[in-house]
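One structure is given below, represented as structure tokens, and several questions about it will come after.
The values are calculated or read from the model by the stated rules, or taken from the named source; none is laboratory data. Predicted model, so just to flag it, every value in this text is computed and none were measured. Cβ sites come from the backbone with ideal geometry, for glycine too, and all protein chains shown count toward neighbours. These area figures cover heavy atoms from the full protein model, side chains too; ligands, DNA and RNA do not enter into them. Shrake-Rupley method; radii C 1.70, N 1.55, O 1.52, S 1.80 Å.
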Amino acid sequence: MASREQFSSRLGFVMAAAGSAVGLGNIWGFPTQTASNGGAAFVLVYFIMAFCLAYPALMAELIIGRHARANIVTALRGIAPNKPLRLAGTAVGLYGTLVASLILSFYGIVAGWMLAYLLESITAMFGWTGFSEWLLSFGLTRNLLFMGLFMLLTMGIIASGIAAGIERWSTRLMPLLLVIMVSLIVYVMTQKGALEGLKVYLLPDLEQIHPQLILDAMGQAFFSLSLGVGTMLVYGSYLSNEASLPRLGAAVTLVDAGIAFIAGLLIIPAIYVAKEHGANIFDASGELIAGPDLIFQVLPALFDSMGQVGLLVAFAFFTLMSIAALTSSISMLEVPVALATEETPASRRQATLVIGGLVFACSSLILLNFDTLFGFIITLTTVYSQPLLGLMLCVFAGWVWHRNSLLQAIQAGHPNIENTLFWKIWPHYVKYLCPVLILTTLVRSLTS
Ligand code: PFF
């Protein structure tokens with residue numbers, strides 16, 4: 001068997017894992033959840049969730065992945081000590097793989113819209129009105145075409161492998177993403193109305209903290225760090241034994257939360273600039289418009305009102321969204337592709353082609369039954385399945401895996417780890433506190 005591929009450097013891993021984490025969830029999900037959940041109160045709870053719950057769960061994935069050097073199914077089966085638990089490992093792994101693929105199938109649809117709007121910012125520059133109108137209309141052909149295009153881009157990168165595909169593209173695209181985002185923030189901040197938005201974003205209204213907000217913040221944190229479904233586990237499996245996992249995991253969490261925060265500095269002020277320009281930013285019940293209408297109506301209305309500069313701003317904005325989506329979608333596709341290449345005789349190319357085709361079929365099905373399936377799949381996968389899977393992974397790390405073997409796996413790549421807080425706290429934390437906290441939040445939200 002050919003030797004298993006690895007990331008060529010630690011930086012390459014951080015770029016890839018941060019690329020997976022930083023996605024539409026950060027740039028769209030986080031700011032809009034903040035807007036509809038009482039502004040800074042949500043930011044506060046989100047940060048607590050990200051560092052106290054999501055980071056420990058991320059560590060569980062990275063540690064299991066690097067130890068097992070395999071996809072989520074093989075890895076969980078491998079650390080289980082007996083037959084019933086091996087069976088449970090296989091089941092949890094398959095559930096994770098299924099959820100990763102389902103997330104990709106709705107994510108690809110949304111990313112396709114970003115590509116269509118990106119192209120429209122170009123056709124508008126040339127004054128091709130008819131084409132532009134078609135690109136902006138919510139039609140089945142447009143949706144299918146751009147979702148398919150986005151899937152092809154994702155498949156192209158995954159077919160090229162770890163170093164030449166995932167790592168190379170993440171290292172190219174992530175710095176570009178940051179440059180575009182910072183430039184857009186600087187521009188938006190100079191516009192009238194931006195300060196009003198900044199206030200809404202940064203001043204907490206603590207009365208808004210209720211069980212649903214806490215569940216939303218937890219779901220958002222798990223979604224944002226790509227947890228539970230095996231992406232981080234499989235990325236961890238391509239890391240060398242020389243790398244210190246607690247440090248790399250902390251770097252990824254910081255970049256992810258940092259970019260979500262920065263995205264809020266862009267989106268919320270931009271909403272209020274749009275208001276200055278005459279756009280309606282509140283819905284019928286007086287809440288800020290947060291769903292697709294924000295990205296596909298409020299912001300485009302703002303770009304339109306800016307004249308020629310607006311075309312450039314729109315181009316930059318939808319490039320940003322498309323890049324963010326692509327570095328995330330590749331990590332989702334890697335989960336089933338790694339499983340298929342490691343558990344069947346299929347080559348990486350064959351596996352990518354077949355699985356990419358299946359996800360395309362699934363996305364098409366969602367598009368054909370949009371009103372019933374789209375929202376349902378998002379809630380099922382991100383609000384419930386991801387935290388539930390995160391919980392199961394913590395149970396596998398804390399209860400199923402042999403304690404000594406777990407401790408050895410943490411030690412690799414971090415010589416004096418016995419003196420760190422991580423060593424003293426994390427093994428107990430992931431065993432007792434994480435599962436209890438996740439479960440409590442889930443149960444409370446279901447019963448409240
Ligand atoms: N973390 C991505 C985002 O914030 O958009 C979404 C995501 C990527 C979820 C990969 C799940 C996943 F496996």
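How high is the relative contact order of the range 65-127, in percent, counting Cα pairs under 8 Å that sit 6 or more residues apart?
21 percent
Distance from the Cα centre of the range 168-246 to that of the range 85-155, in angstrom?
20 Å
Work the Kirkwood hydrodynamic radius out for the range 1-150: mean of 1/r over every pair of different alpha-carbon atoms, inverted, in Å.
19.2 Å
Same structure again: Could you tell me the relative contact order of the chain? Use alpha-carbon pairs under 8 Å, at least six residues apart, and round to a whole percent.
It rounds to 34 percent for the chain.
What's the ranking of 39-50, 340-351 by average number of surrounding C-beta atoms within 10 Å, highest first?
With the highest mean Cβ count within 10 Å placed first, the list reads 39-50, 340-351.
Work through the residues other than Ala68 whose Cβ is under 14 Å from its Cβ and net out their charges, Lys, Arg +1 and Asp, Glu -1.
It works out to a net charge of +2.
Note down the magnitude of the dipole of the chain about its Cα centre, charges +1 on Lys and Arg C-beta and -1 on Asp and Glu C-beta and zero elsewhere, to the nearest 20 debye.
Using Cβ point charges on Lys, Arg, Asp and Glu, the chain gives about 1360 debye.
Taking the mean number of other Cβ atoms within 10 Å as a proxy for protection, how do you rank 140-150, 326-336, 388-398 from highest to lowest?
Averaged packing, sorted descending, gives the order 326-336, 388-398, 140-150.
Something else: Just to confirm, what accessible area per residue do you get for the chain at 1.4 Å probe, in whole Å²?
40 Å²
In whole percent, how big is the carbon plus sulfur part of the accessible area of the range 236-286, probe 1.4 Å, protein atoms only?
Here it works out to 59 percent.
Going highest first, how would you order 128-134, 232-238, 356-362 by mean Cβ packing within 10 Å?
Taking the mean over residues of other Cβ atoms within 10 Å, the ranking is 232-238, 356-362, 128-134.
Sticking with this one: Is any helix in the chain, taking whole DSSP H runs, at least 15 angstrom long along its axis by alpha carbon and on average at least -0.5 on the Kyte-Doolittle scale, and which ones?
Correct list, ordered by number: 10-21, 55-68, 83-126, 140-159, 168-189, 211-224, 245-276, 308-343, 348-368, 434-447.
Given all pairs of different Cα atoms, what value in angstroms does the Kirkwood hydrodynamic radius of the chain take?
Evaluated on the chain, it is 22.2 Å.
Tell me, for the chain, which Cys residues have no other cysteine's C-beta sitting closer than 4.7 Å.
Result for the chain is Cys52, Cys362, no neighbouring Cys Cβ within the cutoff.
Let me have the 222 nm mean residue ellipticity of the chain computed from DSSP H runs of 4+ only, each contributing -39500 (n - 2.57), with the sum over all residues rounded to the nearest 500.
Rounded to the nearest 500, the figure is -23500 deg cm²/dmol.
Compute the relative contact order of the range 4-148 as a whole-number percentage, counting only Cα pairs closer than 8 Å that sit 6 or more residues apart in sequence.
Relative contact order of the range 4-148: 12 percent.
Follow-up. What's the carbon and sulfur percent of the range 108-206's accessible surface, probe 1.4 angstrom, rounded to a whole number?
About 74 percent, which is the carbon plus sulfur part of the accessible surface.
Among the lysines, which have Cα under 23 Å from the Cα of Lys431 when same-chain residues fewer than 8 positions away are ignored?
Counting by Cα, and skipping residues close in sequence, Lys431 has these lysines nearby: Lys83.
Can you give me the pair-distance distribution of the range 342-448, C-alpha pairs, 5 Å bins, whole percents?
2, 9, 12, 12, 12, 13, 14, 12, 9, 4, 1, 0
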